[in-house]
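Heads up, the thing below is written out as structure tokens.
The values are calculated or read from the model by the stated rules, or taken from the named source; none is laboratory data. Note that the structure is predicted; figures quoted are calculated from it, not measured. Cβ: placed from backbone, ideal geometry, glycine included. Neighbour counts: every protein chain shown. In case anyone asks, the SASA skips ligands and DNA or RNA and just uses the protein heavy atoms, side chains included. Shrake-Rupley method; radii C 1.70, N 1.55, O 1.52, S 1.80 Å.
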Amino acid sequence: MPEKRTHSSNDVNLRAADLVAAMTLDEKIRLVHTRLGFPAMGKNKPEGAVGSAAFAPGIARLGIPDLQETDASLGIANPENVRPGDHATALPSTQLLAATFNPELARLYGEITGKEAHDKGFNVLLGGGLNLTREPRNGRNFEYYSEDPLLSGRMAGQAIAGTQAQGVVSTMKHFALNAQENGRVQANGLIAEKNARESELLAFEIALEEGQPGAVMPGYNLYNGEYASENAYLLNELLKGEWKFPGWVMSDWGATHSTVRAALAGLDQQSGEEIDAEVFFGDALRDAVTAELVPHSRLDDMVVRILRSLIQVGVMDVREADPVDYEAHARDALSIATEGLVLLKNDGAVLPLTSRFNRIAVIGKNADKGVLSGGGSSQVIPQGSIREASPQQNDFIRTTVWHPSSPLKHLCEKAPHVEFTYADGEDLNEAVRISEQADLVLIFGWQWMAESFDAPDLNLPGVQNALINAVTEVSPSTVVILQTGGPVAMPWLDKVSVVLAAWYPGISGGEAIADILLGISAPSGRLPVSFPAEISHLPRPQHTDPELSNALPFAEMRQDICIDYDIEGADVGYKWFERTGQKPLFPFGFGLSWTQFSHSGIEIAEQRAENVSVRVCVTNCGNQSGTDVPQIYVESHDGRFRRRLAAWHKVTLEPGETATLTFDVNARFLAEFEPDTRLWKINAGQYSIVCAQHAGAPGIRTSLTIRQSSLAAIPELQLK
Ligand code: BGC
């Protein structure tokens with residue numbers, strides 16, 4: 001794919017400053033608020049809008065293009081079919097992408113969305129969602145990455161960089177602590193600075209360094225008592241101050257609440273203004289600047305930030321649109337989906353399916369037609385999708401969408417010797433009847449999740465658990481394939497032979513599942529989130545009342561629901577389970593392959609100041625080729641912190657083959673944030689460096705002595 005031109009930081013700043021100097025007050029105001037880019041709230045699509053989430057007219061006399069903004073991370077959305085008949089590649093969920101543990105695939109993923117955005121006429125992609133999975137019931141976990149700051153930060157950063165390499169600005173969102181959908185507009189996340197800096201904010205900091213997004217979108221939620229979109233600590237102090245973010249902060253849709261307060265706290269642009277109570281950044285901002293309630297220099301700063309990112313990313317360089325190569329992108333989606341499927345159980349080596357199974361029953365809703373996708377503003381609806389009325393009815397999610405990639409069809413094509421029978425599972429008796437006549441049963445379980453609501457619990461909806469239980473009574477071997485937006489409970493786990501987590505696998509998902517089941521591809525995904533054994537093990541078993549969910553208009557909804565995130569603090573996910581001694585159903589980082597691996601010979605390869613690297617030998621000790629994901633965790637001996645993922649590799653080995661791998665331990669994960677000095681400090685003392693197959697495994701370890709405390713050198717944002 002053609003890469004965009006790069007510009008030096010100096011050029012960019014000068015060009016942006018020159019443009020602002022040439023702009024009138026009205027022209028500046030025009031750039032700092034966007035309208036919805038599709039017909040909504042009684043208004044038509046704005047003239048000139050390509051048609052998507054938002055639009056602001058450019059300034060032709062200065063060569064400033066229109067802002068054409070589109071959702072989102074999983075592909076290019078087409079809200080209300082505003083671009084009649086236009087479709088796009090539906091990529092697997094970013095949660096599946098995180099399960100690949102493969103930053104190169106994250107880069108490719110971002111390139112695909114960036115390229116399609118560009119070729120459809122968009123120049124800002126509202127991608128880059130990376131809130132940590134603190135709440136497994138969160139309806140948007142599928143749009144995020146993981147529970148770990150390093151994995152989330154790296155993968156999201158690479159996806160953002162991939163998008164921007166196509167000359168399209170990417171956001172990074174929803175900054176910060178937008179951890180749940182129930183009551184998301186009222187949720188007031190309370191967290192101590194140290195806890196936030198070592199978890200959620202660390203993920204954002206890493207993504208910012210790796211991806212250098214042109215824009216940042218704060219969440220709907222409140223953060224320590226202030227809306228994230230007008231939170232001076234988050235925006236001015238941290239993002240623009242300490243982290244030196246040079247781009248612009250755009251509000252989420254319906255999340256601008258004021259003019260002067262928001263402008264002074266660091267918000268640079270009001271988005272989708274029709275949803276807010278007022279056009280806060282239109283005439284009201286002009287009046288506030290004229291009355292010197294907002295300094296003119298602050299308005300200039302807003303505009304410079306927008307222009308700077310457009311110039312930096314290459315939006316201002318005209319590049320012709322190419323026709324989208326959907327076939328090539330579907331092939332890429334297949335590679336990503338295949339690497340992100342996680343094999344959780346494979347008793348008796350039932351997989352890969354071999355010629356011993358001649359009669360296979362396939363059971364599950366729409367398994368003959370397609371694979372499930374998550375709903376909300378990120379929804380991509382490729383041609384041929386199956387749309388059903390959704391159980392939740394609101395502006396985001398009137399339909400549930402299944403992507404047209406049928407697992408059954410691919411299984412039939414790839415295993416012509418097998419006699420497949422199918423039942424959708426609605427009728428338990430029919431499902432049992434076809435199971436009785438089969439050598440093996442494949443059950444496709446599903447859990448539909450979407451923006452604007454959370455799951456009530458971790459159960460597969462409806463009769464699915466009963467269905468799986470009933471089938472296991474008569475089937476010699478049961479394989480469960482899960483299409484979910486995150487962790488689910490498996491009360492039937494002991495009775496089934498195989499569990500394969502397929503997340504929302506996207507436009508080539510059915511083929512990816514068939515390939516793994518049949519052994520055409522080997523599983524290599526690892527869990528990006530812990531699967532809890534029980535809701536009671538979570539930091540907040542009692543979840544926010546769904547009745548407090550969002551009905552527009554957002555503006556009327558200030559009614560704080562305090563959520564105490566200091567319960568787990570920085571110990572999100574696996575760190576929480578370790579602290580509380582609860583054994584999860586499946587731990588973070590877990591995943592099987594067709595073969596087994598052993599790790600040996602762990603030693604410190606190099607230790608210079610804070611730079612530590614560690615060497616480990618990884619051997620494929622089984623009899624098939626396979627891919628391992630050895631994970632390096634650090635632990636402090638004095639209990640200052642528990643296990644933290646600090647590095648990983650993904651390596652493919654033939655049977656008997658050994659690779660000696662060197663891992664650079666990310667110094668941030670040896671360090672602690674000190675709220676008083678606001679510095680990252682590596683304390684003198686003893687640490688363990690552990691290489692493990694997953695967060696719950698003892699692994700092999702070596703000790704590390706830090707003789708002298710030091711400050712961790714945090715990479716400066718290296719803006720070109
Ligand atoms: C979502 C954002 C999205 C925006 C525009 C909001 O509902 O929270 O993630 O980018 O809509 O569609």
Q) Of the residues that sit in segment 383-406 and are over 17 Å from P546 (Cβ atoms) and crowded, with 21+ Cβ neighbours inside 10 Å, which one is farthest from the ligand (Cβ to nearest atom)? A) S406
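Per-residue answers, yes or no, for (1) under 18 Å from the mean Cα position of the chain (by Cα); (2) hydrophobic (A, V, I, L, M, F, W, C); (3) open to solvent by less than 10 Å² (accessible area, probe 1.4 Å); (4) on the phi > 0 side of the Ramachandran plot:
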position: T163; (1), (2), (3), (4): yes, no, yes, no
position: V185; (1), (2), (3), (4): no, yes, yes, no
position: R197; (1), (2), (3), (4): no, no, yes, no
position: L202; (1), (2), (3), (4): yes, yes, yes, no
position: A207; (1), (2), (3), (4): yes, yes, yes, no
position: E210; (1), (2), (3), (4): yes, no, no, no
Q) Does segment 246-269 contain any residue that is of a type in the set (A, V, I, L, M, F, W, C), without any contact (Cβ under 8 Å) to a residue 12 or more places away in the chain and within 24 Å of A88 (Cβ to Cβ)? A) no
Q) Quick one: G75 ticks every box in (1) within 19 Å of L125 (Cα to Cα); (2) in contact with a strand residue (DSSP E or B) (Cβ under 6 Å, 6 or more places away or on another chain) bar one, so which box is it? A) (2)
Q. Within the group P46, P2, which residue is closer than 27 Å to T113 by Cα and at pLDDT below 95?
A. P2
Q) In this structure, does T478 turn out to be away from the ligand (no atom under 16 Å from the Cβ), over 12 Å from I363 (Cβ atoms), hydroxyl-bearing (S, T, Y) and surrounded by 21 or more Cβ atoms within 10 Å (Cβ to Cβ)? A) no
**Q.** Within segment 241-280, tally of residues that are at positive phi, buried (at least 24 other Cβ atoms within 10 Å of the Cβ) and either outside any loop (DSSP other than H, G, I, E, B) or under 23 Å from the mean Cα position of the chain (by Cα) (or both)
**A.** 1
**Q.** Single match in P92, P57 (criterion: open to solvent by less than 10 Å² (accessible area, probe 1.4 Å) and either modelled with pLDDT of 95 or more or more than 16 Å from the ligand (Cβ to nearest atom) (or both))
**A.** P92
(Q) I'd like to verify a number: residues in segment 482-520 that are closer than 17 Å to S405 by Cα and either touching a helix residue (DSSP H, G or I) at 6+ places or on another chain (Cβ under 6 Å) or not hydrophobic (A, V, I, L, M, F, W, C) (or both), how many? (A) 17
Q: Report yes if some residue within segment 212-229 is away from the ligand (no atom under 16 Å from the Cβ) and under 23 Å from the mean Cα position of the chain (by Cα); otherwise report no.
A: yes
**Q.** Unmet requirement for S598, which otherwise passes all of (1) open to solvent by 20 Å² or more (accessible area, probe 1.4 Å); (2) without any contact (Cβ under 8 Å) to a residue 40 or more places away in the chain; (3) over 21 Å from T100 (Cα atoms)
**A.** (3)
**Q.** Failed criterion for R701 (all others in (1) open to solvent by 60 Å² or more (accessible area, probe 1.4 Å); (2) farther than 22 Å from E603 by Cβ hold)
**A.** (2)
Q: Taking V168 as meeting all but one of (1) away from the ligand (no atom under 15 Å from the Cβ); (2) closer than 23 Å to I311 by Cβ; (3) out of contact with any Lys or Arg (no Cβ under 7 Å at 6 or more places or on another chain), write down the number of the exception.
A: (1)
